[in-house]
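Beneath this line is the structure, given in structure tokens, with notes to follow.
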Number of protein chains: 6
Amino acid sequence: MDNTVVRNIHRADAAVLARLEKLGVATVHEAQGRAGLMQPYMRPVWRGARIAGSAVTALIHPGDNWMIHVAVEVLKPGDVLVVACSSENTDGAFGDLLATSLKAHGAKGAVLDVGCRDAQEITQMQFPLWSRAISAKGTVKATLGSVNLPVVCAGLRVCPGDVVVADDDGVVVVPRADAASVAQAGEERENKEAAARVKLAAGALGIDLYDMRKALAEKGLKYVDGPLD
Amino acid sequence: MDNTVVRNIHRADAAVLARLEKLGVATVHEAQGRAGLMQPYMRPVWRGARIAGSAVTALIHPGDNWMIHVAVEVLKPGDVLVVACSSENTDGAFGDLLATSLKAHGAKGAVLDVGCRDAQEITQMQFPLWSRAISAKGTVKATLGSVNLPVVCAGLRVCPGDVVVADDDGVVVVPRADAASVAQAGEERENKEAAARVKLAAGALGIDLYDMRKALAEKGLKYVDGPLD
Amino acid sequence: MDNTVVRNIHRADAAVLARLEKLGVATVHEAQGRAGLMQPYMRPVWRGARIAGSAVTALIHPGDNWMIHVAVEVLKPGDVLVVACSSENTDGAFGDLLATSLKAHGAKGAVLDVGCRDAQEITQMQFPLWSRAISAKGTVKATLGSVNLPVVCAGLRVCPGDVVVADDDGVVVVPRADAASVAQAGEERENKEAAARVKLAAGALGIDLYDMRKALAEKGLKYVDGPLD
Amino acid sequence: MDNTVVRNIHRADAAVLARLEKLGVATVHEAQGRAGLMQPYMRPVWRGARIAGSAVTALIHPGDNWMIHVAVEVLKPGDVLVVACSSENTDGAFGDLLATSLKAHGAKGAVLDVGCRDAQEITQMQFPLWSRAISAKGTVKATLGSVNLPVVCAGLRVCPGDVVVADDDGVVVVPRADAASVAQAGEERENKEAAARVKLAAGALGIDLYDMRKALAEKGLKYVDGPLD
Amino acid sequence: MDNTVVRNIHRADAAVLARLEKLGVATVHEAQGRAGLMQPYMRPVWRGARIAGSAVTALIHPGDNWMIHVAVEVLKPGDVLVVACSSENTDGAFGDLLATSLKAHGAKGAVLDVGCRDAQEITQMQFPLWSRAISAKGTVKATLGSVNLPVVCAGLRVCPGDVVVADDDGVVVVPRADAASVAQAGEERENKEAAARVKLAAGALGIDLYDMRKALAEKGLKYVDGPLD
Amino acid sequence: MDNTVVRNIHRADAAVLARLEKLGVATVHEAQGRAGLMQPYMRPVWRGARIAGSAVTALIHPGDNWMIHVAVEVLKPGDVLVVACSSENTDGAFGDLLATSLKAHGAKGAVLDVGCRDAQEITQMQFPLWSRAISAKGTVKATLGSVNLPVVCAGLRVCPGDVVVADDDGVVVVPRADAASVAQAGEERENKEAAARVKLAAGALGIDLYDMRKALAEKGLKYVDGPLD
């Protein structure tokens, strides 16, 4: 299956995507059992975006962005491009022309385990983009990779059609089959958190709200009055 | 003293805290003899805040934020929560619910030698927060640590009640006993710098203003006219 | 040539500098054959600046900013100060007083392979500044270095009078002798990219626009219809 | 499938494992199309081992080694334990007691995306071990993970029963279904390399041996006589 | 207390030091409640040493080793020199001449939060040395620091007279007042581990030996027979 | 001058090379005024080698080792191959076949600002090799670079024909024109150090030997008797 492009993939339901986008990364990550996060070096190029979409995956090689160009053809509106690399690399494999092209095809954003460039233009376009680095270093188009095969991006396995949710907290991925149940669990968690937020804002203590005092005492937590100095 | 919470600590004088807050990190650091800085990986989650407050310290373990919940109970208005960890870790031990709770109890901000999450919400709340990373990675509540014992945070020893000053330049800590004298020294430095700033803005050279020419010559600095190419 | 200050250097033509500034880092880097970039850890202290100017170079030592003060005297309006260090160091060798002084002498900005401080003040001044770190750590004035000798800054050789172009994508350096031809090549590239941008925005595929299909097939790229799951 | 232990897995053929072990990491990686390598931070605790075995996988959490203890029960002679972690962590989750236990059950070695400790004892035992760090930091047994589900370890997806080959060059993983064909391809490559080695040792030039002169010329490589200085 | 040398310090009992040295880093760290470890970037320059001694502390500045020379005068036989630095630095502040001098004064070894040089000579001398880097970069003697005041070294607070234990697992520090009780606890742990080692070597499972099955079941660990593929 | 190979270069005198090799990295670095060191991430693949030779330089691109093959043809006995890369990369661009080829042509060793592989074989061959990483990751042969043009390697400018000295302390480079005078200065330094070593081994204090007491007092160093606790 090397050097292969898979044209068609299954995608998640648009309504479920909208629900996951609203929940955001931290809630979705908790809702699927504290799983599915990319490593925290994956950061937004500009702050404030929040997206969810189906993953179109590409595997490239260090200093070579050829397969990103290939991937654009199989993108559909609402997709998120996820670019992995065969070794650690920060070269600027993605710039404002690719952002323009992705935008024209309706992509919601991109997640790059390499560098991006044209950061000012991409910020002005408000194209949602996450990357491991910003670097103007140019790339060649010499070595094949793959499109829409499973990849590992920022320490996380991503399959084509998985749901990618990204915001300022990073990037979380939900297997397509779990998307609806994770959305459901996330909304329940959100509701509980909304209630907790009101109580905490009014001064309630978390150790009371979450009923931790007994467990703390059983583990042996000691309180002393102090001050000790 | 393991697994201990100290309820009461001595705190710095509010008037002195206000003076140190106004001076900011770089000036306070110089004023206490170029000492007391956390390592520069400790960065603000959003840019533009400047705070000073008394340290309430917590020691947590990697992937576990239990003691942060415990610490909230002993916080008083004006305090800054300082969270250390027993080994290097970037998990998101602090999010918008904890920020809401700290704000409700009057905390001025928090400094985390781990990760934080809900960066968008915390930025919107304008809750002052410094951390070593932004990560949505969730944490458990399984292992005890301590509250209000001395800790090492980002390479710096912090005792409960020490003054924490933080802004875009990072975080500096002043022992409580030294706070007044450091504020005094900082204000004197600030006055000198204000005078220097006026002269430099008018085009004066630092090597004249600070009278460096003789020392440079004695050390052997040579001037050649050039150009050499 | 140790411990030497070269007073006069050749500088690039102002009109050429203006053309390179307009092109920006990514285009200039491509236009000179994908060469001349500093490593991507060199980042702007605040986002949004774009400058080009002639390099005035300084070599300092870790924890010591003496030669930056010396360098100010030989700066001319339009120059960019480039500070290298004899070993890796993040101490805050440059703050708002030096920024004030550089601004007073007409410097367009500075590039530091060490840390800077007073980030809030420098952001308010909108003084263009790139550095490897932000750190309040103060420095001494004890060891000589050089001004206007060639240096290596962030992995790149910089000679005095070279053209420094910097924006949110990082920093690229063009040898003075090549400045006009690189500007020319960059403008041609920009024109081509402008045409491509219009087509891509209209939905054209890069693999058609850049005529890649044949090369991809020759290298052995396979397409399968999918979905595979 | 969270918090699950899979008792039985398919394993690779012992004869094929022996062939892959003999080939070593670099050859196996090339033989499967330059794929399957862990990131280079995964290093041997002591130099000189070379192993191949079937992967038994474990997922642990930062600062918690509970599931390693659980994994021992399902290990069989010839297996290699592969330990992944839910976030970046260097705590010493594996020491000489676990090494003793793994050895007693016939494990060929272990690969840890966390830290190990008792490095001197493990070196004396000559137990083959790769890890991201050496750290004496102790761990707790508080949070469940999984055994024998697919994991991502050092940037690489590993499924239970995959072939793990490790030596001083790092760690490469071969899907069980591909093991025989990769061994075959590796041996062919080895034979070719042996022939090349003899010629190179006799002074042949690689650009002749691999017939590169024409391609270099077509790409535009220029030769000048020099010296240029 | 800036720029101060404290001539005399309390030291730990020689018999206790010998017991702690025999236990090694991992056991001592566990015996004092999983506390007191330096960060794992602190590594031995050569493998195989194991020492314990009383800490003589020095604080130096980046690129400046003056206070190490000053510290030698206050060292006594059996001491371990612990060198902290006011900011991150890898310059080679310690070489074979200092190693010769420390050895002549009976020092057991040194721990450097900076770089060392002359690695080949120091290895041949078998002088026990831990450092954050090996670097030939020379240092100046221009800025004062302190000797025998508390410092933070590799993330850990060290007071003069604290017990420093170091081996291939890193460096652990025990407060002098706790040395005897930690030695006692360590020996008890060692005895238990020796018994466990015999059982594990004979094939016993840790989950039986440590009686974990019930706790695992209560937390919800599921077993499935598999194989799943 | 892009994509160019320079066939002939000036080389340093063999007798001077032998003298510099004997001195080693730390002494040579000091002897040329604490200049010329590569960054400390450049480490020997195996410990114990010490070499000096004339630099043959190559510039490669990430994931591509083509120009190393080209460089072999212009190597002469006694040379050291210095490989720079156009961006940060750890791929294994150099293995035992290239080591065999370099050895056959009389190269003294190689210095790689990328990764190497076949570490076990290269160690057995005792081929002197320094690199930024060990990685089995294979490379392609697709993009031209240069041979025997000046490069920046590990933060240091290297010109063809410069003297490269390497040992366990790292790599230092001496401009060819300075080689004889640096050797002379190094030998003088070595003689002084030999005398100092004898005195230090006999217990002399560095602060007496180097006559530092007066300077320390003038700077304000205070001595207190202690103990303070």
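Once C-alpha pairs closer than 8 Å and six or more residues apart are averaged by separation and normalised to the residue number of the stretch C:148-197, the relative contact order reads 20 percent. Approximating the spin labels as points 7 Å out from Cα along Cα→Cβ, the F:D229-to-E:D208 distance works out to 4.7 nm. Across the stretch D:131-136, computed HN-Hα scalar couplings (Karplus, 6.51 cos²θ - 1.76 cosθ + 1.60, θ = phi - 60°) run 8, 8, 6, 10, 8, 6 Hz from first to last residue, x flagging Gly and Pro. Count Lys and Arg as plus one, Asp and Glu as minus one, and take only other residues whose Cβ is under 10 Å from that of D:A185; the net charge is then -4.
Rounded to the nearest 20, the size of the Cβ-charge dipole of the stretch E:139-188 about its Cα centre is 500 debye, with Lys and Arg at +1 and Asp and Glu at -1. Computing Rg and the Kirkwood Rh from the Cα coordinates of the stretch E:6-71 gives a ratio, Rg/Rh, of 1.00. Rg and Dmax of chain B, based on Cα coordinates, read 20.7, 69 Å.
Annotation: average projected area of the stretch F:50-160 is 5.9 square nanometres, based on the convex hull of Cα atoms across all directions. Ranked from shortest, the separations from the 7 Å Cα-to-Cβ label point of C:Y41 to its equivalents in the other copies are 0.7, 1.0, 1.2, 1.2, 1.4 nm. Distance from the Cα centroid of the stretch A:111-128 to that of the stretch A:163-199 is 25 Å (rounded to whole angstrom).
Surface analysis of the stretch E:71-229 yields an accessible area of 35 Å² per residue, using protein heavy atoms and a 1.4 Å probe. Projected onto its three principal axes, the C-alpha set of the stretch F:109-199 covers 54, 31, 21 Å, listed from the longest axis down. Here's how it looks for A:V140: its modeled amide H is under 5 Å from those of A:D64, A:N65, which are all 5 or more places away or on a different chain.
Using the Stokes-Einstein relation with a Kirkwood hydrodynamic radius computed over Cα pairs, the translational diffusion coefficient of the stretch C:147-196 at 4 °C and a viscosity of 1.567 mPa s comes to 105 µm²/s. Treating cross-link reach as a plain straight distance, find the lysines whose alpha-carbon is under 21 Å from the alpha-carbon of A:K199, omitting any fewer than eight places away in the same chain. Cα-Cα hits under 21 Å: A:K214, B:K76, B:K103, B:K108, B:K141. Here the label points at A:Q126 and E:D13, each 7 Å from Cα along the C-beta direction, are separated by 7.2 nm in the simple model. Report relative contact order for chain A in percent, whole number only (criteria: Cα-Cα under 8 Å, sequence separation at least 6). This gives 29 percent for chain A. Helix content alone sets the calculated 222 nm mean residue ellipticity of chain F: runs of n ≥ 4 DSSP H residues at -39500 (n - 2.57) each, divided across all residues, give -9000 deg cm²/dmol.
Note every residue of the stretch E:6-43 with a reduction of at least 50 square angstrom in accessible area, all protein chains present versus the isolated chain, computed with a 1.4 Å probe, or write none. Buried by 50 Å² or more upon assembly, which counts only protein chains, are E:R7, E:N8, E:H10, E:R34, E:P40. Taking every Cα-Cα distance in the stretch D:100-156 and sorting them into 5 Å bins starting at zero, the pair-distance distribution P(r) comes out as 4, 14, 22, 27, 23, 10, 1 percent.
Hey, quick one: spin label on D:A201, modelled 7 Å out along Cα-Cβ, who in the stretch F:96-118 has an amide N within reach, i.e. under 20 Å? The answer is F:96-110, F:117-118, whose backbone nitrogens lie closer than 20 Å to the label point.
Taken one residue at a time, the phi angles of the stretch D:154-167 give Karplus couplings (6.51, -1.76, 1.60, θ = phi - 60°) of 6, x, 10, 6, 10, 9, x, x, 4, 8, 9, 10, 9, 7 Hz. Gly and Pro are set to x. Accessible surface of the protein assembly as shown, 1.4 Å probe: 52 percent of it comes from carbon and sulfur atoms.
Note on chain D: with a GNM built from Cα contacts shorter than 10 Å, the maximum mean-square fluctuation among D:K192, D:K76, D:K141 falls on D:K192.
Shape descriptor for the stretch D:35-74: Rg over Rh equals 1.00 (Cα atoms; Rh from the Kirkwood inverse mean 1/r).
Under the classification rounded if a/c is under 1.5, otherwise prolate if a/b is larger than b/c and oblate if not, where does the protein assembly as shown fall, given a ≥ b ≥ c as square roots of the Cα gyration tensor eigenvalues? Rounded is the answer for the protein assembly as shown, as its axis ratio a/c remains below 1.5.
For the protein assembly as shown, the Cβ-based charge dipole about the Cα centre amounts to some 0 debye (Lys, Arg positive; Asp, Glu negative; other atoms uncharged). Distance from the Cα centroid of the stretch F:45-65 to that of the stretch F:67-81 is 10 Å (rounded to whole angstrom). Bridges between two residues of the protein assembly as shown, per DSSP, are antiparallel at a rate of about 45%. Counts of other chain beta carbons within 10 angstrom of each beta carbon in peptide E:129-135 average 4.
For the options D:L98, D:L200, D:L112, a Gaussian network treatment of chain D with springs between C-alpha atoms closer than 10 Å singles out D:L200 as fluctuating the most.
Work out which residues of the stretch F:72-98 lose at minimum 40 square angstrom of accessible surface when the other protein chains are put back, relative to the chain isolated, with a 1.4 angstrom probe, and list them by number. When all protein chains are present, F:E73, F:E88, F:L97 each give up 40 Å² or more of accessible surface. Contact-buried residues of the stretch D:136-165, at a threshold of 40 Å² lost accessible area versus the chain by itself: D:A136, D:K137, D:V140, D:A142, D:L144, D:V152, D:R157 (1.4 Å probe; DNA, RNA and ligands ignored). Estimated at the nearest 10 Å², the accessible area of B:R176 is 80 Å² with a 1.4 Å probe. Among beta bridges identified by DSSP and lying wholly in chain A, the antiparallel ones come to about 45 percent.
Summed over both chains, the contact between A and C buries some 3600 Å² of accessible surface at a probe radius of 1.4 Å.
Taking amide H positions as modeled 1.01 Å from N, with prolines and chain starts lacking one, the residues under 5 Å from B:I60 and 5 or more places away or on another chain are B:A84, B:C85, B:S86. Highest GNM mean-square fluctuation, chain A, Cα pairs closer than 10 Å: which of A:N89, A:N191, A:N65? Answer for the Gaussian network model of chain A: A:N191. Solvent exposure of F:E73, expressed as accessible area, is near 60 Å², computed with a probe of 1.4 Å over the protein chains only.
The values are calculated or read from the model by the stated rules, or taken from the named source; none is laboratory data. All values derive from a computational prediction rather than experimental measurement. All Cβ positions, glycine included, derive from the backbone under ideal geometry; neighbour counts span all protein chains shown. Calculation scope for accessible area: heavy atoms of the full protein, side chains included, ligands and nucleic acids excluded. Shrake-Rupley method; radii C 1.70, N 1.55, O 1.52, S 1.80 Å.
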